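Below you'll find the structure, written out as structure tokens, and then a few comments.
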Amino acid sequence: MLVDGKLGPTMDISAFCTVHELSLDIASRLTKNGFQNTKAFRYVTLNDLKEMLFKHGEIASLRVAVSEWSEGSQQ
């Protein structure tokens, strides 16, 4: 799963990607696959991301961002 523990605050995808300095491609791919906000991150697996055609580097960046978001820090 993308999130193992506590969720961070609910944010729309655009805001989440902006705050965590993720690319427009990542935001677009999440939105095109029906993600409106961060609530659903709890149910996303790494395999789901691969099926959505995320690149390895994008997956790594997204994992860092989700980790920071769920821990409440942006480093």
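The numbers here are math on the coordinates, done by the rules we state, and not lab data. None of these values were measured; they are calculated from a predicted model. Counting neighbours? That spans all protein chains shown, and the Cβs are built from the backbone with ideal geometry, glycine included.
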>> Pairs please, first residue from the range 28-41 and on the phi > 0 side of the Ramachandran plot, second anywhere and surrounded by 14 or more Cβ atoms within 10 Å (Cβ to Cβ), Cβ atoms under 9 Å, 6+ apart in sequence or on different chains.
In response: GLY34/ALA40
> Hey, any hits in the range 26-36 for a residue that's closer than 10 Å to TRP69 by Cβ, surrounded by 13 or more Cβ atoms within 10 Å (Cβ to Cβ) and among the hydroxyl-bearing types (Ser, Thr, Tyr)?
Replying inline: no
> Taking into account only those residues within the range 65-75 that are free of Cβ contacts under 8 Å to residues at least 12 places away in the same chain and surrounded by fewer than 16 Cβ atoms within 10 Å (Cβ to Cβ), which is farthest from GLU21 (Cα to Cα)?
Replying inline: SER73
>> Regarding the range 34-46, can at least one residue be identified that is more than 11 Å from LEU2 (Cβ to Cβ), assigned to a helix (DSSP H, G or I), more than 12 Å from the chain's Cα centre (by Cα) and not hydroxyl-bearing (Ser, Thr, Tyr)?
In response: no
> Among the candidates PHE54, PHE16, which residue alone is assigned to a loop (DSSP other than H, G, I, E, B) and surrounded by 11 or more Cβ atoms within 10 Å (Cβ to Cβ)?
Replying inline: PHE54
